[in-house]
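The values are calculated or read from the model by the stated rules, or taken from the named source; none is laboratory data. Since we're looking at a predicted model, the values are computed, not measured. Don't worry about glycine lacking a Cβ; one is built from the backbone with ideal geometry, like all the others, and counts go over all protein chains shown.
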Amino acid sequence: MQYKQTRQGYVDALIELARENPLVVVLDADVAKATRTCDFEKVFPERFFNCGVQEENMMSVAAGLALEGFIPFATTFGVFASCRAADQVRNSIAYPKLNVKIAATHCGISTGGDGASHQANEDIAIMRSFPNMTVLVPGDYEEARQATRAAAAYSGPVYLRLGRDTYPVVEQIHGPFEIGKAKQLAEGRDITIITTGIMVSEGLAAARLLGGEGISAELIHMPTLKPLDEEAIVDSARRTGAVVTAEEHSIIGGLGEAVAACLAERCPVPLRRVGVRDVFGESGMAQELLTLYGLRASHIAAAARELLKGRSNALGRTA
Amino acid sequence: MSRIESDRWTSLHAKAREIRRSILTMIHRARSGHPGGSLSAVEIVVALYYHLMRHDPKNPRWPQRDRFILSKGHCAPVLYAVLADCGYFPKEDLETFRRPGSHLQGHPAQHKTPGVEASTGTLGLGLSTGLGMALGAKLRGDSHDYYILCGDGEVQEGQVWEAAMFGHKYRLDNVIAFIDRNYLQTDGSTEQVMPLDPLRPKWEAFGWNTYEIDGHSFEQIIGTVRHAQLQRGRPAMIIARTTKGKGVSFMENEAGWHGTPPNSEQYERAMEELSRAV
Ligand SMILES: Cc1ncc(C[n+]2csc(CCOP(=O)(O)OP(=O)(O)O)c2C)c(N)n1
Ligand SMILES: [Mg+2]
């Protein structure tokens, strides 16, 4: 399997976009070497603005640039974009629906050694809650590249969630990218697995594991968390009757709760959420943390088995 | 300089060298961490823990202790090396730096590590936290001091200047803060990324007793802190000019060593340099 960085997909797209559109500008807050916007700076030094360690200032400056007609990509780590600068994002950018793109790298537990202070496991929850905000969570390098291009083509605030580590390249998700559209990766009868971001490769592996046990799993990948593709969720849940969600994020406020709310209103079926279980993370290697915090195919498969067991018990009782 | 004083400097210099070796070992073993800013802060942290601060490693919560807050939390290795050497926890724990289950997280966690006074890692928080603690001490009528170490890149954060106003307003003269003025941050020179100079008049204008010293001179660090302690009614800011990566020739003044661990060959070379007599 090939591994690549999602943050690199973002920056490679930025360089393409800047060639096509003189209005594209990039801001960073003294983490350009880590977010990789340093590559953009090399090609377009006059369209790159390093704000220093000033995330709050950067977000409102980006709002100002958008008011002047530019398409600013404000880039920093996910914790700082979503928590440190939350007020600036909410009031300078989301409320007036300005055309600012917020690119957040180092999201999720796989940020690794820096530990809890740097592992954004709440950013989706925060960003989803702001009206007017579009939230994109691509699954691999190529999808990050596509999502960046889609964000630029769309007029309005976008939060683009990226990682630090290298993640598996997943060919199956490389079809056309459309904001708000889920991608069905496998058809199944017994259960629906819905993943977002880098969990797509674990979802695929989980579907294979379950398939080996005679469980037919449908797999849906959601690179857009807002607006949520409710039709894809409801359509699948109606057919399978059970859903497992998987995200590299807290089970609070992310994919799991978004899907839960949608299903509760439109198609109540049993649900399990795989994600970080309302705890702060810790230092460690990216890959070992994904295992330690229960974010592997085995955890998704276990949640699916548990759900199906519950269902067969229930069926047994009513029969 | 008296004979006793010169002996004192010699032993502190030896301690600084030992701490530098410990920092590099920790980061090399973890294969992640921030060597540059940890090395630039060694003399400041050593002067505080081995000379200036009243503290008791056997009783980390002793109410009368002086407090140290590492606001530039990414430089945790310098703090951990000193705390272990002082006896707050076993030195073997340093081998677990940045490992799952360890109390030695990538950035200081107050609730995990004995001797760590405040959780930091997000830049710009520590000065405010320290001021709040110092205000609490004033309210209780306690007489111990609060030492806070910021990075120079860190003081680009707006919150630092909010804290500057607060410290002045509440006359928190039990606070002695440092800026590790190594002129480098993640993306390069502070003066290119977001210029800070003239830095000293900024702090003076905000009403702090401000000093500018050589941050690798024990004599100047200790003498300046002693002077600052005698000034009443204002917090103190000591701008300590340092060299990022200090003590390892190939790391000195190189932005690339901000957050990069040395490979084995580089580690051996660094340790070799640090084993030579000063
Ligand atoms: C709020 C926040 N933004 C960004 C970072 C990422 N970061 C870690 S260290 C650093 C540069 C700090 O430079 P400086 O304060 O000069 O530290 P030193 O040179 O002493 O290492 C940055 C931007 C962070 N930890 N916190
Ligand atoms: Mg610095």
May I ask you to say which residue of B:LEU79, B:LEU139, B:LEU125 is closer than 21 Å to B:MET165 by Cα and either at pLDDT below 95 or within 14 Å of ligand 1 (Cβ to nearest atom) (or both)? B:LEU125
Can you spot a residue in the range A:67-75 that is more than 24 Å from A:ARG164 (Cα to Cα) and within 14 Å of chain B (Cβ to nearest Cβ)? no
Write out, first by first residue and then by second, each pair whose Cβ atoms fall under 8 Å of each other, whose residues are 6+ apart or on separate chains, and whose first residue, in the range B:147-164, is more than 10 Å from chain A (Cβ to nearest Cβ) and among the hydrophobic types (A, V, I, L, M, F, W, C) while the second is surrounded by fewer than 23 Cβ atoms within 10 Å (Cβ to Cβ) and part of a strand (DSSP E or B). none
Could you list all residues from the range B:80-94 that are within 14 Å of another protein chain (Cβ to nearest Cβ) and either under 17 Å from the mean Cα position of the chain (by Cα) or among the basic types (Lys, Arg) (or both)? B:TYR80
Check the range B:115-125 and report whether any residue there is within 14 Å of chain A (Cβ to nearest Cβ), touching an Asp or Glu at 6+ places or on another chain (Cβ under 7 Å) and surrounded by fewer than 19 Cβ atoms within 10 Å (Cβ to Cβ). no
Can you tell me which of B:ALA76, B:ALA47, B:ALA109, B:ALA30 is more than 14 Å from every other protein chain (Cβ to nearest Cβ) and either hydrophobic (A, V, I, L, M, F, W, C) or in contact with an Asp or Glu (Cβ under 8 Å, 6 or more places away or on another chain) (or both)? B:ALA47
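What are the residues in the range B:31-57 that are in a helix (DSSP H, G or I) and acidic (Asp, Glu), if any?
Narrowing the range B:31-57 to residues in a helix (DSSP H, G or I): B:35-40, B:42-52.
Answer for the range B:31-57, where residues must be in a helix (DSSP H, G or I) and acidic (Asp, Glu): just B:GLU43.
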Taking the range B:136-158 and the residues there that are of a type in the set (A, V, I, L, M) and under 14 Å from B:LEU125 (Cβ atoms), the one that is farthest from ligand 2 (Cβ to nearest atom) would be B:ILE148
State all residues of the range A:45-66 that are away from chain B (no Cβ under 11 Å) and within 15 Å of ligand 1 (Cβ to nearest atom); if no residue qualifies, say none. A:MET59
Taking only the range B:240-259 into account, find how many residues are surrounded by 18 or more Cβ atoms within 10 Å (Cβ to Cβ), over 30 Å from B:ASN209 (Cβ atoms) and either more than 12 Å from ligand 1 (Cβ to nearest atom) or more than 14 Å from every other protein chain (Cβ to nearest Cβ) (or both). 2
Which residue pairs have Cβ atoms closer than 8 Å, lie 6 or more positions apart in sequence or on different chains, and pair a first residue in the range B:178-205 that is on the phi > 0 side of the Ramachandran plot with a second residue that is of a type in the set (A, V, I, L, M, F, W, C) and within 10 Å of ligand 1 (Cβ to nearest atom)? B:GLY188/B:ALA255
Among the residues of the range A:14-33, write down those that are within 14 Å of chain B (Cβ to nearest Cβ) and β-branched (Val, Ile, Thr). A:VAL26, A:VAL31
Somewhere in the range A:204-226, is a residue surrounded by fewer than 19 Cβ atoms within 10 Å (Cβ to Cβ), of a type in the set (S, T, N, Q) and either assigned by TED's automatic domain parsing to the domain that holds A:GLY254 or within 30 Å of A:ALA34 (Cβ to Cβ) (or both)? yes
2 or more residues within 16 Å of ligand 2 (Cβ to nearest atom) and either among the small types (Gly, Ala, Ser) or surrounded by 24 or more Cβ atoms within 10 Å (Cβ to Cβ) (or both): qualifying helices (runs of 4 or more DSSP H) within the range A:29-98: A:32-35
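Could you tell me whether B:SER22 is at pLDDT 95 or above, in a helix (DSSP H, G or I) and of a type in the set (Ser, Thr, Tyr)? Don't jump to the end; show me each part of the working.
Numbers: at pLDDT 95 or above: yes; in a helix (DSSP H, G or I): yes; of a type in the set (Ser, Thr, Tyr): yes.
Yes.
Can you tell which of B:GLU219, B:GLU204, B:GLU162, B:GLU191 is more than 16 Å from the chain's Cα centre (by Cα), modelled with pLDDT of 95 or more and within 16 Å of ligand 2 (Cβ to nearest atom)?
Details: B:GLU219 fails: within 16 Å of ligand 2 (Cβ to nearest atom); B:GLU204 fails: within 16 Å of ligand 2 (Cβ to nearest atom); B:GLU162 fails: within 16 Å of ligand 2 (Cβ to nearest atom).
Criteria check complete, one pass: B:GLU191.
Which of the following residues is crowded, with 23+ Cβ neighbours inside 10 Å, touching a residue at least 24 places away in the same chain (Cβ under 8 Å) and more than 21 Å from A:MET59 (Cβ to Cβ): A:PRO157, A:PRO138? Before the answer, list the steps.
Working: A:PRO157 fails: more than 21 Å from A:MET59 (Cβ to Cβ).
Just a single option satisfies the conditions, and that option is A:PRO138.
With respect to B:GLN64, determine if the residue is more than 16 Å from ligand 2 (Cβ to nearest atom), under 30 Å from A:GLY78 (Cα atoms) and either among the polar types (S, T, N, Q) or surrounded by fewer than 19 Cβ atoms within 10 Å (Cβ to Cβ) (or both).
Working: more than 16 Å from ligand 2 (Cβ to nearest atom): yes; under 30 Å from A:GLY78 (Cα atoms): no; either among the polar types (S, T, N, Q) or surrounded by fewer than 19 Cβ atoms within 10 Å (Cβ to Cβ) (or both): yes.
No: the conditions fail for B:GLN64.
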Do we find that A:LEU185 is assigned to a strand (DSSP E or B) and either outside the structural domain of A:GLN88 (by TED's automatic domain parsing) or under 30 Å from A:GLY284 (Cα atoms) (or both) in this structure? yes
How about the range B:59-73: which of its residues are in contact with a strand residue (DSSP E or B) (Cβ under 7 Å, 6 or more places away or on another chain), away from every other protein chain (no Cβ under 13 Å) and either under 27 Å from A:GLY113 (Cβ atoms) or within 16 Å of ligand 1 (Cβ to nearest atom) (or both)? B:ARG67, B:PHE68, B:ILE69
Can you name the residue in the range A:97-118 that is in contact (Cβ under 8 Å) with a residue 60 or more places away in the chain and touching a strand residue (DSSP E or B) at 6+ places or on another chain (Cβ under 8 Å) and is also nearest to A:LEU23 (Cα to Cα) among such residues? A:ALA103
